Amino acid sequence: MAFEFALPDLGEGITEGEIRGWLVKEGDFVKEHQPVLEIETDKAVVEVPSPKAGKVLKLSRKEGEVVRVGEVLMILGREDEVIEAVEESVSVVGVLPEGEKEVLAVPAVRALAKELGVNLETLQGSGPGGSITREDVIQASEKAKKMVTDLYGPVEVRPIKGIRKTLIKNLLKSKGTTAYVTSMDEADVTDLWNLREKEKEVLLKKGIHLTFLPFFIKAVQHALIEHPLFNASIDEEEGKIILKKYYHIGIAVDTPDGLMVPVIKEVDKKTILMLAEEIHNLGEKARQRKIRLEEMRGSTFTITNYGNLGGTFATPIINYPDVAILGTGKISEKPWVKGGEIVIRKILPLSLTFDHRITDGAEAARFLTKIIRYLEDPTLLFIASA
C-alpha cells in the first residue's frame with residue numbers, strides 16, 4: 001500500500017521550508033532513515049530522512065517549492081506498485097472553476113491567493129498536472145509588491161524571510177533581555193603577526209589556511225578559564241547564573257544570506273591547527289547553506305571578526321543566551337610607545353560587549369586585558385595549553 005511521506009516536525013519552531021534539492025528520484029528504492037531531500041529553513045539546510053524503506057513512486061513537490069510541516073513530500077510503495085495507482089491516490093488537487101477558466105489548486109492555495117490578492121487565472125501552475133502551488137501564489141504576490149511607489153518615487157519591497165527573519169528575532173531578543181555594555185581596547189599583535197607570517201605559507205602547502213581567528217579563539221578560551229563569568233548564561237526564571245565548564249566558541253560568518261554563527265565545540269581540546277581546519281570547514285558549510293542545526297547550537301561565547309572586512313571598533317550584539325561577545329577589528333600599523341620609544345607596530349582593535357547583569361566593567365576590563373596579554377605574547381598560549 002502506498003505511503004504518503006509528509007514533511008515532519010523539524011523542531012526549533014520551524015513550520016515550513018524550501019526544497020533545496022532531492023537526493024533521490026522516482027523509481028529509486030530508499031532505505032529506512034536514508035536522507036531523501038534537503039530542506040532549507042530559516043536557520044539551516046536540513047537533510048530529511050525517509051521514515052521507512054520503499055520504492056519512490058512519486059515526488060510530490062519540486063525543487064524551490066515551499067512546503068509546510070504535514071504536507072506530502074513523496075509517495076513510497078512496494079517494488080511492484082505502479083505510478084498510475086499513486087497518481088489517483090494523490091488527486092488532492094481538484095479542478096476548481098475560477099471564472100471563465102478552470103484552475104487547478106487545492107483549497108489552501110485558493111485561500112492564500114484570496115488573502116494576498118492574487119488572481120489565480122493569471123498564473124501558470126508549476127505543480128503536478130499544471131496545478132498552482134503555494135509558492136506560485138507567493139512569488140506572484142512578491143512580484144506585484146516590487147512594482148510599488150512611496151510618496152516620493154519608485155521603491156523595491158523585499159520580504160523578510162529566511163536567515164534575515166531569524167536574525168531579526170534573535171537580535172531583538174538579545175537587545176530586549178540583556179543589559180549590554182561595550183568595552184574597547186587595543187592589542188599590539190606584532191609578534192602574533194610575525195608568527196603567522198612565518199608559518200602560513202608552510203601550512204598552506206599542507207592545505208591548511210591559517211588565519212588569526214584560531215589564535216583569537218585560543219586567547220579567549222584561556223581568558224575564560226580565568227574569568228568564568230563570561231562563559232555563562234542566565235536562567236531568568238530560576239534566578240540563577242549557569243557557569244559553563246566547557247568552551248564552545250561561536251564564530252560569526254558572513255554569508256550571502258546573512259550572518260550565521262557556527263559553533264566550534266570543545267576548543268580547549270583542540271590545537272591552533274585543528275581550529276584552523278574546523279573554522280575553514282564550518283565557514284564553507286555556512287556559506288553554502290549546508291551547515292546542520294546541531295553545528296550552530298551550544299555556544300558559550302562568540303567572536304565576530306569584522307576586521308577582515310575593514311572594520312575597526314564596533315558594538316557587537318550578544319549572541320543570546322551567551323553573556324558576552326568579542327569583536328575583532330582590522331589589524332593596522334600604528335605608532336606605538338614601546339620601551340620608551342615610538343615604534344611602528346601591528347595593532348588590533350578589540351570590542352567586548354557583555355551583559356552588565358552578570359558582571360561589571362572592572363571585571364570586563366580585567367578579562368579584556370587578559371585576552372590582550374595572550375595576543376601580545378602568543379607563546380603564552382602554548383605554555384597555558386601545556
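The values are calculated or read from the model by the stated rules, or taken from the named source; none is laboratory data. Predicted model, so just to flag it, every value in this text is computed and none were measured. Heads up, the Cβs are rebuilt from the backbone with ideal geometry, glycines too, and the neighbour counts pull from every protein chain shown. Keep in mind that these areas ignore ligands, DNA and RNA; they rest on the heavy atoms of the full protein, side chains included. Shrake-Rupley method; radii C 1.70, N 1.55, O 1.52, S 1.80 Å.
Numbers below:
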item	result
Where a residue in the range 26-51 is at negative phi and its partner, wherever it lies, is aliphatic (A, V, I, L, M) and open to solvent by 60 Å² or more (accessible area, probe 1.4 Å), with Cβ under 6 Å and at least six apart	Pro35/Leu23; Val36/Leu23; Leu37/Leu23
Members of the range 260-295 found to be in contact with a His (Cβ under 6 Å, 6 or more places away or on another chain) and in contact (Cβ under 8 Å) with a residue 40 or more places away in the chain, listed by number	His280
Hits in the range 161-191 - residues which are under 30 Å from Glu333 (Cα atoms) and either under 23 Å from the mean Cα position of the chain (by Cα) or outside any helix (DSSP H, G or I) (or both)	Val181, Thr182, Ser183, Met184, Asp185, Glu186, Ala187, Asp188, Val189
Residue, most open to solvent (accessible area, probe 1.4 Å), within the range 1-40, restricted to residues that are within 27 Å of Asp257 (Cβ to Cβ), among the acidic types (Asp, Glu) and outside any strand (DSSP E or B)	Asp9
Lone qualifier among Val343, Val323 - being open to solvent by less than 60 Å² (accessible area, probe 1.4 Å), among the β-branched types (Val, Ile, Thr) and without any contact (Cβ under 8 Å) to a residue 12 or more places away in the chain	Val343
Among residues of the range 41-55, those that are under 28 Å from the mean Cα position of the chain (by Cα) and open to solvent by 40 Å² or more (accessible area, probe 1.4 Å), counted	5
Which listed residue, of Lys269, Lys290, is out of contact with any strand residue (DSSP E or B) (no Cβ under 8 Å at 6 or more places or on another chain) and among the basic types (Lys, Arg)	Lys269
Residue list for the range 113-128, filter: over 30 Å from Asp28 (Cα atoms) and either touching an Asp or Glu at 6+ places or on another chain (Cβ under 7 Å) or modelled with pLDDT under 80 (or both)	Lys114, Glu115, Leu116, Gly117, Leu120, Glu121, Leu123
Options Asp235, Asp150: the member that is without any contact (Cβ under 8 Å) to a residue 12 or more places away in the chain and within 25 Å of the chain's Cα centre (by Cα)	Asp235
Residues that are over 12 Å from Glu4 (Cα atoms) and in a strand (DSSP E or B), drawn from the range 41-54	Val45, Val46, Glu47, Val48, Pro49
Test: residue in the range 163-183 that is in contact with a Lys or Arg (Cβ under 9 Å, 6 or more places away or on another chain), closer than 30 Å to Thr369 by Cβ, at pLDDT 90 or above and of a type outside the set (Lys, Arg)	yes
Candidate set: the range 185-224, residues that are without any contact (Cβ under 8 Å) to a residue 60 or more places away in the chain and of a type in the set (A, V, I, L, M, F, W, C); chosen: the one nearest to His280 (Cα to Cα)	Leu204
Residue ranges of strands (runs of 3 or more DSSP E) in the range 205-316 with at least 2 members farther than 26 Å from Lys346 by Cα and open to solvent by 80 Å² or more (accessible area, probe 1.4 Å)	240-243
Of all residues in the range 56-86 being over 38 Å from the mean Cα position of the chain (by Cα) and acidic (Asp, Glu), the one that is modelled with the lowest pLDDT	Glu84
Residues located in the range 200-212, provided they are more than 11 Å from Leu375 (Cα to Cα) and either out of contact with any Leu (no Cβ under 6 Å at 6 or more places or on another chain) or among the hydrophobic types (A, V, I, L, M, F, W, C) (or both)	Glu201, Val202, Leu203, Leu204, Lys205, Lys206, Gly207, Ile208, His209, Leu210, Thr211
